1. Could you work out how far apart the two model spin labels at residue A:991 and residue A:355 are, taking each label as a point 7 Å from the Cα in the direction of the beta carbon, and quote it in nm?
2. Rounded to the nearest whole Å³, what is the per residue volume of the convex hull around the Cα atoms of segment A:23-93?
3. Does segment B:370-430 come out rounded, prolate or oblate, given a ≥ b ≥ c as the square roots of the eigenvalues of its C-alpha gyration tensor, rounded meaning a/c under 1.5 and, failing that, prolate meaning a/b above b/c?
4. Restricting everything to alpha-carbon atoms, can you work out Rg to Rh for chain B with a Kirkwood hydrodynamic radius?
5. Enter the angle in degrees (range 0 to 90, nearest 10) between the Cα long axis of helix B:345-358 and the first principal axis of the Cα atoms of chain B, meaning the one along which they spread out most.
6. Obtain the nm distance between the two label points defined at residue B:363 and residue B:465 by a simple spin-label model: each point lies 7 Å from its Cα along the Cα-to-C-beta direction.
7. Take peptide B:81-90, look around each residue's Cβ out to 10 angstrom, count Cβ atoms belonging to other protein chains, and average those counts.
8. Tell me, A:664, A:628 in order of fewest to most beta-carbon neighbours within 10 Å?
């Protein structure tokens, strides 16, 4: 290592030599002033050549009579005599064709490369495209803009919200790696203001991503923030306003009030509720209707009771919820940036802010971002850049769970949350009113739950701040070599203070549950005052990189762009959480002495419990050491060969040091055929990796403090796993970039194979072995897919019309799975967890064969022992996985987007559609035992089989009063309830208007733009006959979002 | 320029400032510990959640046997409206009664076995001389005890009783190490019991006589468990010896005259740390509502209730009036809805008395049983004494002791084992469930005296034999 230091010092000494020769200096840009990197600059007289660096700069030796030719693919070549050399040295090339996008520079996080130097599969999303939509999270803005990136929606979002080219791991991290300005971003990506982003490069295959080694298996998203570009001082101002109506709660398929009331009457007549009146604990609430029915029993002639019940039939709790728990969403967003570029300095400073009042009353979201990016060209060979970002976020959550009222319990459909006099009403979801009103004979706290009144009794705040400081020093001691040192420090903290005020339901209920009589007086183990739950976490990361860049024009035809370097990364996350009882905020006091030791018999249910103690500390460390190298050789700007290697070592637990590292590599080829308008062929192969810190090689335990005995104790964290190793993901990519009809139609097509080996899985296990799941390298997966992108310029006159199509296909299946496999379908029907099954996708939808309803009693029929059967126990216990219907994958294998853009003079219209095909989901329905157990029912109750002949009209089974949960279990998992999640929908419509330059110039404005957009209007074609929108399966349906915005450049 | 170079050097120093090994050996999660010390192994065994079960939380001992027993019944209404179909099947001994999903009755027992095996494997890998040998032996003995306890509880529910020649192949899988790639197979019934008794005999030497924590095993608890196991094997000599050995260490009894029979939970205050408790454990039930045993719904068999005479304090301490009719259990030593199914001296006295009666030591048996009963009857009553007519006749005395056992140990997870044992001795106890017009019957030595192994488990081990039907 010392040698390296000497080399660097020696290089610094060589600096002065670079100026000994007489040379021409220049910088090549496009018309907009953006640097054209790696452009060939050839002295036609001497036949020597050079290329521009990543800033577009070059220098070439020349005599006064020589002529210089500057050429790059896609631009008109320019030949100029030395004597005509411009004073500022800037040479602007005009694009050969009408470029759809600005020059596509790929940032790999290590290198800037021209897109046509890339041998693998990469997409670049420009600033213009990122600004099509207005989401506050950068990830939401790349949706639908690149093939191969899948945003799952609805139930499928529970599996993976967001993937590049399908899921390539089982239990390790499945999210793509996100890089911001050359380093992996360790905080929450929502801390990055999308308005600060200049471009997003998406690295999809091994050749482009494997430089990121152990974390590249899921693809890499490289975000590059803006730098000062303009020679003049430039001020950008942007603002937008977003409005969205309350969600549509009628999309919740809840049982109709009238149906529920009729059902309760029926059950009441059968005496089903009589037992609820027996104490000493009243754990089942009594609904208002049942309460009235009891009253009626005692006063059979009271007609007002019937009238009250009838009145409730027209209630719809969803209406009340919408009115009192929801509101219109409103967000405003501002962004100001000042930037400029001079010979010595590029600078950009921006401030962004947004505030959102969300759909749920009492919830809000704020973010302030401040960023400054500066580059100082200290001398022709030394460049220092410094990026600093500060983000402050604040979220207010409070106590509004929306339609999930309380603890995710559903509520009887005829509940009214506010009385006719406008006063908020109690609802009884845990205990009957009669019990709560009398227990403790008035000595307890008010035990009632009142969703509307209690809304503001919880103050739940999350505040976060993050500071990222990034310094890079690059020295160019000799013409072709650059040495750079980068260092990034990131520190972030998040604090959640959840204050349950003394009048909140939680505090009142807890206090009452722990109430007991002491010397004849009521007291409670829970101190007076509120409860404060806090959770604080900090994140600190250091990342450093030493890198050598060697960009050499070897001869007139051949060029080498190579890098090599060393990287160190350390991330430490620490947290602590806890609870204070007796918290009073206006005098800042808490109660210290709480009895956490005694077991109290809870007043509400006779259960033995200690006062809930919530506290803990944690610390996680993530260390990486890596070597890397990458080289691209190009020949005549026609053939490109790339190769990369990387070795990562990490602090894996319990693994011998020499097994902590693993090498990754890739190789690729690109060939410009010169056929058609353009046809370039690409092929690449390589190995990426993935690792999970959940895995440990030895038996590990964690100490716990919550034993009944009070003794310190340990719980098993993981059983031994001697053969723990890194996941490996092999990717082969074959692609073609083409344009035909004078570039009218262009695009690219990629086919890839993506095979995961030694995949880590949290696998369900035979519980006889002692644990119900195991984490190890137990599986392999084979995947393949297609990415197609097409751009068609249909009209090019006063009116322009361009069509963009992104189409992707992803198919990945479990190839091998080494853990015990259950022949029973049970593990594969669960909603949570992953149960890999060979030959099937990771998230597969299985169902029991459906044989319709029994015409005599409306029972659902399945197959047991090869025959149509209503023996549900036998169906559940004896059906083997191979007898199940395999419907298909949960994540749609076909997906994409279609966007049309029209412009007329300074007005533009853009319509973006998205589509998904081939996925499946389970719809909900009416299950008798659920209705019998509580008071939540499904609207399908109205469609249930009631009399012979109904089986021809409906597939909803009859009401079954025997509480046969097996019958429901079968129906719930039967083929009849599985539906296709195919859909085509409008994602957004954008209309914009730019003021003409003549107009704006008068006001000193360079550019002014106004736009209006409707986002996610949910205008959709749904590919299932039940009409259930797969994005909103029995949850409130969001309404269209309207955005209005302006942007000015001064 | 100099400054710049200094910065450069500083950065490089930062890169290489710390040792590479240290950097890569940092714990990814600071709370992870590789168990290697005696303290760590003790901590694993002190996890009472896994090793004893948490009252009102997730317990340890299968409740299926108790669900199938005859000490209680459900009204048709409660049966229909409170139970899930799975528990309805268990309640009526349906020959198909089986869970397709994870069943805690099975999983929790094997989890406890696994934790004990981790400790046993870890202890055996410790380098000799690096630890306190007496402590090492004590921890090993404790792990053997926990494992044997879990095996025994599983065997009562999923294996056939000891000594049944036809059913000999149907023991439980014996997991004896922590290797998670082991192939699971059933042992025979004799093998199952041989392992349990071997582990306990091995453990008993090294355990401390008593423990101040009732979650930890002691010599007294280990002898008590041995007595329980030998009794279930109908080895009355050994059971008697073990019971005597246990009582020689701890023989305390709680006088029920000190309890308030009118309280909601009479054991509140004296509770689970009372003088009788030797070792704590509880049923797996998580939710008291779905189990037929729930103290809110189970009603006491009326003949059984009538067999408690007025002066018997247990009548008030154990039961309360139910609505609209009948009687319900008030709850155990835990003074809550949770069931105590651990070991206590009252059981040991009853084992001792039964063995003495069985072995013809009639007067000894009378003395033993009266010592217990004296603490259960009103202080001013001498009804605790065994009637003379019974005290002289071995068979009558045996029956008297067994009836006393049923009264004393109600809802302690023992009745099912006793039913199996009595039937093995030819008692022909036929038990019934009446639900409306439907009558369900369980005959002596019925194949249904062992529950089906959960189909999820059978799914993983298709070659394993299921209990016959």
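Rule-based calculations on the coordinates, nothing more; no lab input. All of these numbers come straight from a predicted model, not from anything done at the bench. No Cβ is skipped: glycine too gets one built from the backbone with ideal geometry, and neighbour counts run over all protein chains shown.
1. With each label point 7 Å from Cα toward Cβ, the separation is 2.9 nm.
2. Numbers: hull volume 5.3 nm³, N = 71.
Enclosed volume per residue, from the Cα hull, is 74 Å³.
3. Numbers: a/c = 3.63, a/b = 1.48, b/c = 2.45.
Oblate is the answer for segment B:370-430, as a/c is 1.5 or above yet b/c matches or exceeds a/b.
4. 1.07
5. 50
6. 4.9
7. Numbers: counts 13, 4, 2, 6, 12, 5, 1, 4, 2, 0.
Mean partner shielding for this stretch: 5.
8. Details: A:664 27, A:628 22.
If I rank by nearby Cβ atoms, fewest first, I get A:628, A:664.
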